[in-house]
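Written below as structure tokens is the structure these notes are about.
FYI, it's all coordinate maths here, none of it is from the lab. A quick note: this is a predicted structure, and the numbers were derived from the prediction, not measured. Note that each Cβ is placed from the backbone with ideal geometry, even for glycine, and that neighbours are counted across all protein chains shown.
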Amino acid sequence: MTPRPGALAGIGNTPIVRLSSFPGPDTAEVWVKLEAANPTGSYKDRMALAMIEAAEERGDLEPGQTVVEYTGGSTGSSLAFVCAIKGYPMRIVSSNAFAAEKLQTMRTFGADLELIHSDHGIHPELVPQMIARAAEIVAETGGYATDQFNNFDSLNGYREIGSEILSQLPAEIHGACLYVGVGGAFVGTTTPIKEAWPDLIRTVVEPAESAVIAGGPAGTHRIEGGGVGFVPKMITPDVYDRLDAVSSEDAFATAREVAVTEGVWTGPSGGANILAATRLARELGPGHRVVTVQPDSGLKYLGGDLYR
């Protein structure tokens with residue numbers, strides 16, 4: 001494979017650590033993949049690079065063409081990072097409902113950022129509004145839409161997480177718990193592990209306030225990175241084995257606690273992941289192994305309510 005230019009070579013090969021105390025006694029092992037080690041501090045670097053490289057290979061993305069995306073934060077940061085290195089202009093539709101640090105990161109990498117205002121956090125109408133506005137920009141400019149909810153190229157990047165976990169943990173893995181946004185991280189990460197260990201229990205994690213995958217009503221919540229108010233196209237009944245709903249309050253509390261007890265510093269979705277993995281670990285008991293992911297760094301949330 002042709003070496004990737006500049007900081008793109010730093011994407012992937014992230015460490016994995018075992019939680020030492022948070023799960024409590026008499027539980028399965030809980031292992032956390034530290035995706036904050038990627039260049040922009042998020043596993044979305046993998047997704048962004050995979051989408052851009054696949055579009056380049058097919059000839060769908062031409063040199064100098066504007067890339068357009070709707071995003072709650074980390075996808076936009078990662079796409080802006082990749083596009084800056086590769087020389088593509090970037091236009092992003094986001095919202096003030098998401099962390100200011102993420103929005104500023106997009107601007108830092110040169111993205112043209114348009115915000116849809118929300119006084120109510122991440123509500124069910126917000127992401128559809130963002131999607132509609134991004135489609136208008138594509139029509140107006142002739143830009144290339146990465147369209148993350150419908151772009152299965154992202155799986156190429158996320159499969160690397162699962163493959164790396166298998167190489168880092170050669171013993172059997174019994175459970176995997178991941179918060180669902182687009183669905184690519186969940187499907188991409190769990191697929192190689194399920195192929196290696198068919199008895200793997202794949203747990204979809206979603207906000208208790210908007211547990212739509214479980215059939216509940218869409219609602220407003222504060223766990224960024226997911227809970228978009230509809231079931232993503234990539235999440236079909238065959239790709240998961242169970243569901244776990246985590247409240248915003250519990251996700252925040254877990255993120256704060258594991259920062260202090262384990263030194264694993266993450267955002268609300270990371271808190272939700274770790275809490276769900278711990279719940280499964282307590283059910284499975286000693287002699288078992290559960291994996292999850294730190295999606296991003298706690299640095300992205302210092303200005304909001306999580307660490308205030």
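Numbers at a glance
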{"quantity": "Region 69-145 and region 207-221: distance between their alpha carbon centers, rounded to Å", "calculated": "24"}
{"quantity": "FRET efficiency for Arg242 and His117, using Cβ-Cβ distance with R0 set to 22 Å, rounded to 0.05", "calculated": "0.05"}
{"quantity": "Beta bridge orientation in region 10-167: antiparallel %, DSSP, nearest 5", "calculated": "20"}
{"quantity": "Entries in Lys44/Lys86; Lys33/Lys102; Lys194/Lys233; Lys86/Lys233; Lys194/Lys300 that, when Cα-Cα distance is taken, lie over 23 Å", "calculated": "Lys86/Lys233; Lys194/Lys300"}
{"quantity": "Rounded to whole Hz, the Karplus (6.51, -1.76, 1.60) HN-Hα couplings of region 201-211, x for glycine and proline", "calculated": "9, 9, 10, 6, 10, 9, x, 4, 6, 8, 8"}
{"quantity": "Amide H partners (placed H, <5 Å) of Val67, local residues excluded", "calculated": "Met90, Arg91, Tyr144"}
{"quantity": "Simple spin-label estimate for Glu283 and Val231 in nanometres, 7 Å along Cα-Cβ", "calculated": "1.9"}
{"quantity": "For region 210-308: relative contact order, % (alpha-carbon pairs under 8 angstrom, 6 or more apart)", "calculated": "22"}
{"quantity": "Rg [Å, one decimal], Dmax [Å, integer] - the chain, C-alpha atoms", "calculated": "18.2, 58"}
{"quantity": "Selection from Leu155, Gly225, Gly175 lying farthest towards where the dipole of region 151-234 points positive, charges on Cβ", "calculated": "Gly225"}
{"quantity": "Placed amide H near Ile16: partners under 5 Å, 5+ positions off or other chain", "calculated": "Leu34"}
{"quantity": "Karplus-derived 3J(HN,Hα), 6.51/-1.76/1.60, for each residue of region 159-171, Hz, glycine and proline x", "calculated": "4, 4, 4, x, 5, 5, 4, 4, 6, 7, 10, x, 7"}
{"quantity": "Gain in span if fully extended, Glu257 to Glu172, counting 0.36 nm per residue against the direct Cα distance", "calculated": "27.8 nm"}
{"quantity": "Potential lengthening between Ala9 and Glu125 on full extension [0.36 nm per residue; Cα-Cα distance subtracted]", "calculated": "38.0 nm"}
{"quantity": "Theoretical gain in end-to-end length, Asp26 to Glu62 [0.36 nm per residue, Cα-Cα removed]", "calculated": "7.4 nm"}
{"quantity": "Shape of region 115-272, Cα gyration tensor, a/c cut at 1.5", "calculated": "oblate"}
